[in-house]
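Data block below; observations after.
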Amino acid sequence: MKTILNAEKSEILIYDVIGEGFFYGGVSAKAVKAALRDLGPKDVTVRINSPGGSIFEANAIYNLLKEHEGKVTTIIDSLAASAASYIAMVGETRKIAANAMIMIHEPAAVTFGDAAEHQKTAGLLEKLRDVIVNMYRDRSGIEDQQLRSWMLDETWFTADESKEHGFVDEILPNVGEKTPKEATARWNLSNFRNVPANWLAANENAATPRLDRMAERLAVA
């Protein structure tokens, strides 16, 4: 299991894809639960730099952090995309580095089977979308219709835009992994449709990410 706890600073580092298994090697709910157990009821800072991953794993992480006895602060050091973006919403205080970004989009899944199986998956994805919209709305105050529109368009928010729309409370000087190239080089962001040009250019030579190899996963955001 990946070590994600910096006990000295009471920090949990979500610096990988969300989910752990054959197609992942990233941050799991099990790892977050273990880190919180080791910390005890202390306040905790969750630092995020992730392209997203499993919806269900992210939801479990969100709920674990929400139930934590101490104060939870979330900091987006570079990227909180897809499923990682709603983990970032759980913080009592939510912060973002000045050059970091948030990306939200519709949940997606790979389905094997006949038309009936695909229809079942489509119905599940609609339910998952509504769950995600509720998370964003509860923390931002943005209306559901606007959130769904942004998700459908795959919208990328700068730090200023993230604060303007209520996704974060505070903008920090650049912290953690400082540039798109340094922070996201291990992920091929071309999986996404609307990556800002400077971020995409920084990832031209990135290896195919684990996010491409998720055929066994039911749903990914």
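General observations
- Of the strands (runs of 3 or more DSSP E) lying entirely inside the stretch 1-105, those containing at least 3 residues that are touching a residue at least 60 places away in the same chain (Cβ under 8 Å) span 72-81, 93-97, 101-104.
- Qualifying residue in the stretch 145-162 (condition: surrounded by 14 or more Cβ atoms within 10 Å (Cβ to Cβ), within 24 Å of P196 (Cβ to Cβ), of a type in the set (G, A, S) and modelled with pLDDT of 95 or more): yes
- Test for K71: is it modelled with pLDDT of 95 or more and out of contact with any helix residue (DSSP H, G or I) (no Cβ under 6 Å at 6 or more places or on another chain): yes
- Looking only at the stretch 163-190, and only at residues there that are polar (S, T, N, Q) and crowded, with 16+ Cβ neighbours inside 10 Å, the one that is modelled with the lowest pLDDT: T184
- Of the residues screened, S140 is not one that is modelled with pLDDT under 85 and among the hydroxyl-bearing types (S, T, Y).
- Checking the stretch 30-46 against the condition returns no match, with no residue being within 24 Å of D130 (Cβ to Cβ) and in contact with a Lys or Arg (Cβ under 7 Å, 6 or more places away or on another chain).
The values are calculated or read from the model by the stated rules, or taken from the named source; none is laboratory data. Worth saying up front: this structure is predicted, and the values here are computed from it rather than measured. Cβ sites come from the backbone with ideal geometry, for glycine too, and all protein chains shown count toward neighbours.
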